[in-house]
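Heads up, the thing below is written out as structure tokens.
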Amino acid sequence: MAKIAPLSGFPELLPEQRVVEREIIASLARTFELHGFANIETRVVEPIDRLAKGGEIDKEIYVLQRLAAEPDAKAELGMHFDLTVPFARYVLENAGKLEFPFRRFQIQPAWRGERPQEGRYRQFTQADIDIVGRDTLGFHHDVEVVRVMVEALGALPLPPLSFQVNNRKLIQGFYRGLGISDVTTAIKVIDKLDKLPAETVAEQLVEQAGATPEQAELCLRLATIRVPDTSFVEQVRALGVEDELLETGLVELAAVIDGCASATSERVSVEANLRIARGLDYYTGTVLEVFMAGYERLKSVGGGGRYDALASDGKTTYPGVGVSFGVSRTLIPLISDGVLAGSRKVPSAVLVAVTDEEAREASTAIATALRTRGVACEVSADAAKFGKQIRAAERRGIPFVWFSQADGTHQVKDIRSGDQVEADPSTWSPPEEDLRPQVVTTRTTTLEENQ
């Protein structure tokens with residue numbers, strides 16, 4: 001039999017690693033639900049023409065086709081490569097059944113046929129939140145969505161995260177006030193600043209966006225402004241550019257920075273970074289990207305913003321604002337580096353020992369009593385010597401072993417400390433922190449090593 005090799009770009013986690021992913025997803029869901037976001041799950045496939053809208057991602061779409069299809073049959077369905085496109089379709093399809101503003105969170109896999117590398121996979125999980133309105137959506141939702149994601153990520157055991165926020169109105173108004181003819185191209189060029197030297201970006205602004213060298217210099221000066229408060233407002237005004245749209249963008253960005261200030265901590269910061277542009281055309285206001293300390297090589301681990309016309313049926317437009325967090329993009333490198341791990345390989349908190357095979361039924365009854373009160377447990381696989389059963393629990397990370405005594409009493413042993421006490425299966429429970437597997441940080445030096 002040929003050796004089985006893993007498929008590149010399709011990561012699979014071991015049970016203790018999956019504990020990390022499950023607990024992170026559960027924590028995100030709890031925070032989203034606390035803020036009233038309803039959970040949805042969209043189908044895996046969408047029509048190719050909807051996925052290929054814009055034409056830039058055609059080669060990355062995985063198509064769906066029956067193996068027994070006719071040789072010349074054309075694929076009509078593709079697997080979604082993000083959660084935004086299927087969500088836009090979902091809103092249009094179910095608009096008559098939804099209450100607007102519609103607040104949704106979605107945590108699902110997506111598939112993208114790109115070259116696999118660290119943080120970029122062909123199958124990956126994303127966590128998205130959005131608020132969508134019908135025809136109009138108040139700006140205060142921009143502040144709310146960013147703040148909710150700040151709170152959600154701040155509750156996770158991750159390295160420090162930085163939310164870097166900008167506003168497309170600010171950028172567009174500044175370029176318009178400068179007199180640059182092709183604002184859309186200018187934004188796409190500025191979005192390359194993290195990949196290209198500033199001199200190259202300035203040249204492209206002149207060559208592709210029709211800017212003068214002086215205008216290009218002012219664009220770069222705008223892009224260097226990065227502060228953790230609203231002092232950016234005066235810094236932008238000091239550049240001497242005036243435009244009504246620019247003023248609107250300044251006010252909106254200041255509102256987001258102020259609105260998130262009380263939710264920040266040592267774990268999560270929010271700052272105005274006027275380099276952030278996000279090249280996708282559908283963003284119309286707030287834009288943001290999320291970066292993780294020590295893992296700048298991954299680029300952003302999240303992002304999003306305001307889109308005023310992503311979904312429309314020709315009569316009604318559904319504006320929205322949302323933020324996406326790359327669950328796989330963030331966690332798999334942290335797990336691989338040993339930063340995060342699961343506290344045990346199995347959900348079981350207790351292994352019920354078996355004295356001999358005749359006593360297995362009695363051991364099973366004890367396990368049943370524990371399970372009725374929410375204590376995950378399993379019965380020993382064999383009636384080996386107790387020392388061997390304890391070592392089996394140790395290998396699986398199970399913290400407690402339960403023993404039945406000849407006189408009908410019971411004892412439970414914490415195999416980490418060696419403490420053994422009398423216990424009643426109808427009342428005993430492990431400490432809260434042992435009830436289910438936890439996410440633990442296993443290496444505190446990893447961040448410094450990666451910097």
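The values are calculated or read from the model by the stated rules, or taken from the named source; none is laboratory data. As the structure is a computational prediction, the values presented were derived from the model and not from experiment. FYI the Cβ positions are ideal-geometry reconstructions off the backbone, even for glycines, and counts take in every protein chain you see. Heavy atoms of the whole protein, side chains included, go into the accessibility calculation; ligands, DNA and RNA do not. Shrake-Rupley method; radii C 1.70, N 1.55, O 1.52, S 1.80 Å.
Observations on the structure shown:
- Converting phi to 3J(HN,Hα) with the Karplus coefficients 6.51, -1.76 and 1.60 and the offset θ = phi - 60°, the range 370-383 yields 5, 5, 4, 9, x, 9, 5, 8, 9, 8, 3, 5, 8, 9 Hz in sequence order, with x at every glycine or proline.
- Nearest-0.05 FRET efficiency for Asp182 and Gln65, computed from C-beta distance (R0 25 Å): 0.05
- Kirkwood estimate for the range 1-46, i.e. one over the average of 1/r between Cα atoms, Å: 13.9 Å
- For the peptides 264-277, 133-146, the ranking by packing is 264-277, 133-146, with the highest mean count of neighbouring Cβ atoms within 10 Å listed first.
- Whole-number accessible area per residue in Å² for the chain, which is evaluated in the context of all protein chains at 1.4 Å: 49 Å²
- Protection proxy ranking for 179-190, 11-22, 406-417, using the average of other Cβ atoms within 10 Å per residue and placing the highest first: 179-190, 11-22, 406-417.
- For Thr84, solvent-accessible area (1.4 Å; no DNA, RNA or ligand), Å²: 30 Å²
- Annotation: for a label point projected 7 angstrom from Cα along Cα→Cβ of Ser312, residues of the range 272-297 with backbone N closer than 14 Å are 282-284.
- Surface composition of the range 212-262: carbon and sulfur make up 52 percent of the accessible area, probe 1.4 Å.
- The Lys192 and Ser426 beta-carbon pair, evaluated with R₀ = 56 Å, returns a calculated FRET efficiency of approximately 0.30.
- Computed over the alpha carbons of the chain, Rg followed by Dmax gives 27.0, 92 Å.
- Shown for the range 299-381: the carbon plus sulfur share of the solvent-accessible area, taken with all protein chains present and a 1.4 angstrom probe, equals 54%.
- The distance between label points at Glu433 and Leu34 comes to 2.0 nm (points 7 Å beyond Cα on the Cα→Cβ vector).
- Fraction of accessible area attributable to carbon and sulfur, the range 402-444 (%, probe 1.4 Å): 46 percent
- On Cα atoms only, tilt of 15-34 relative to the major axis of the chain in degrees: 60 degrees
- Residue-span extension gain [Thr442 to Ala384] - 0.36 nm each, minus C-alpha spacing: 17.6 nm
- Taking the range 1-157 and dividing mean pair separation by its residue count, relative contact order in percent (alpha carbons under 8 Å, at least six apart): 28 percent
- Principal-axis tilt of helix 327-336 within the chain, Cα atoms, nearest 10 degrees: 50 degrees
- Degrees separating the helix 84-94 axis from the principal Cα axis of the chain, which is the longest one: 90 degrees
- When each of Lys3/Lys299; Lys385/Lys413; Lys169/Lys192; Lys388/Lys413; Lys59/Lys188; Lys97/Lys315 is checked by Cα-Cα distance, pairs over 23 Å: Lys3/Lys299
- Candidate aspartates and glutamates for bridging to Lys345, where Cα separation is under 16 Å - those fewer than 8 sequence places away on the same chain excluded: Glu12, Glu16, Glu21, Glu23, Glu378, Glu394, Glu433, Asp434
- Relative pair counts by distance (%), Cα atoms of the range 256-335, 5 Å bins: 3, 12, 20, 22, 18, 13, 7, 3, 2, 0
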